[in-house]
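Everything on this sheet refers to the single structure shown next.
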Amino acid sequence: MVLEHIFPENWLEKKAMFAFILGIGYSLIGIIFAKLLFPQDPALVAVAFTSLLLLPELNKLIIREERVEEKEKKFKFKNLFKDNKNLTKIYVCLFIGIMITYSAGAIILPSFQSNKLFREQLEIRGFDDDTDTEETITGLAIFSNKLNFTGDLFEHILKNNFKVLIAIFLIALLTGDGAIFLITWNASVWGTIFGITAKNAGSFTGTNPWIYFGLILLIVLPHVIIESLAYIFAAISGSVISKDVILEKFESKRFKEVFIYNINLILIALIVLLIGAGIETWVLDNVHLYQDIILKSFGIII
């Protein structure tokens with residue numbers, strides 16, 4: 001791919017913040033091309049295009065990660081975090097860049113355009129009571145259209161996010177780097193929902209929607225980053241194991257070492273997911289400002 005050769009080979013590793021710019025740029029390109037080529041249903045196509053643009057660079061980084069891990073003589077948690085630090089930062093910055101792009105698009109574009117362009121993402125937000133939301137691959141807490149938090153919210157969030165994590169790990173394991181599609185999809189869903197929520201709340205109250213968006217980010221960004229870290233760890237773990245299957249033999253000592261290394265990483269991802277679900281539940285149950293913004297986005301004032 002031409003784009004990956006424009007920049008130095010290790011530019012993302014040296015400056016992970018460039019990944020934020022890359023996330024914005026590639027998601028914009030994905031949205032524009034999806035709108036031009038598939039005007040009737042661009043939502044999922046835009047995510048696919050963005051993922052395809054990111055794949056070559058991520059593929060190089062994952063192969064490099066596998067080579068670093070195979071040099072470790074003995075498993076240590078300290079080395080686990082040190083070896084994955086740069087790649088994790090790159091994924092997080094990409095995720096935030098994509099999320100911000102979709103949020104900005106949802107806020108800036110006229111409603112008739114954003115409703116069509118981000119239709120699949122918006123269906124996550126506005127479902128019927130009989131919709132089986134537990135089958136939704138989003139990593140988001142789902143609200144009923146009455147906005148009452150019923151049942152065990154923590155259990156629901158954890159179960160839903162666990163499905164996302166397992167899906168990401170298995171896709172990464174089977175395809176090597178295909179998990180970027182689900183990570184991009186989750187970033188687009190989060191971004192669209194936060195943007196539309198801010199836009200609708202601003203329209204209902206006559207307030208600048210960017211004020212509401214800033215408040216939403218302040219409230220949700222901690223648990224969004226924590227949950228995205230769990231997904232990223234799962235993607236790295238599955239991808240590195242998958243690449244190692246190609247580079248090494250099953251019975252080789254190096255394969256066993258890398259395999260054990262990344263199984264520990266997926267276990268850490270599960271712990272991080274648990275923490276993220278706990279924080280998200282606390283936010284939804286206790287941060288009244290966030291609840292108020294959500295209610296206003298649905299045209300409700302209590």
Next on the checklist: What pairs come out if I take residues in region 211-225 that are over 10 Å from Tyr290 (Cβ atoms) and modelled with pLDDT of 95 or more and pair them with residues that are surrounded by 22 or more Cβ atoms within 10 Å (Cβ to Cβ) and among the polar types (S, T, N, Q) whose C-beta lies under 7 Å away, six or more apart or interchain?
Outcome noted: Phe213/Ser103
Item to check | Residue check, Phe181 at pLDDT below 95 and out of contact with any Gly (no Cβ under 8 Å at 6 or more places or on another chain) | outcome: yes
Item to check | Of the criteria (1) touching a residue at least 40 places away in the same chain (Cβ under 8 Å); (2) under 16 Å from Asn200 (Cα atoms), which one Asp292 fails | outcome: (1)
Item to check | region 152-182: number of residues that are charged (D, E, K, R), assigned to a helix (DSSP H, G or I) and either under 17 Å from the mean Cα position of the chain (by Cα) or crowded, with 22+ Cβ neighbours inside 10 Å (or both) | outcome: 2
Checklist outcome for this item: Being modelled with pLDDT of 75 or more, closer than 30 Å to Thr207 by Cβ and not hydrophobic (A, V, I, L, M, F, W, C) narrows Pro56, Pro42 down to just Pro42
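Residue-by-condition table, conditions (1) hydrophobic (A, V, I, L, M, F, W, C); (2) modelled with pLDDT of 55 or more; (3) out of contact with any Lys or Arg (no Cβ under 8 Å at 6 or more places or on another chain):
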{"position": "Thr101", "(1), (2), (3)": "no, yes, yes"}
{"position": "Pro110", "(1), (2), (3)": "no, yes, yes"}
{"position": "Ser144", "(1), (2), (3)": "no, no, yes"}
{"position": "Phe149", "(1), (2), (3)": "yes, no, yes"}
Next on the checklist: Exactly one condition in (1) modelled with pLDDT of 80 or more; (2) more than 20 Å from Leu158 (Cα to Cα); (3) not hydrophobic (A, V, I, L, M, F, W, C) is false for Glu280; which is it?
Outcome noted: (2)
Item to check | Flag if Phe204 is modelled with pLDDT under 95, in a helix (DSSP H, G or I), touching a Lys or Arg at 6+ places or on another chain (Cβ under 9 Å) and among the aromatic types (Phe, Trp, Tyr) | outcome: yes
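The values are calculated or read from the model by the stated rules, or taken from the named source; none is laboratory data. Bear in mind the structure is a predicted one, so any value in this text is a computation, not a measurement. Because the Cβ atoms are built from the backbone with ideal geometry, glycine has one as well, and the counts that use them run over all protein chains shown.
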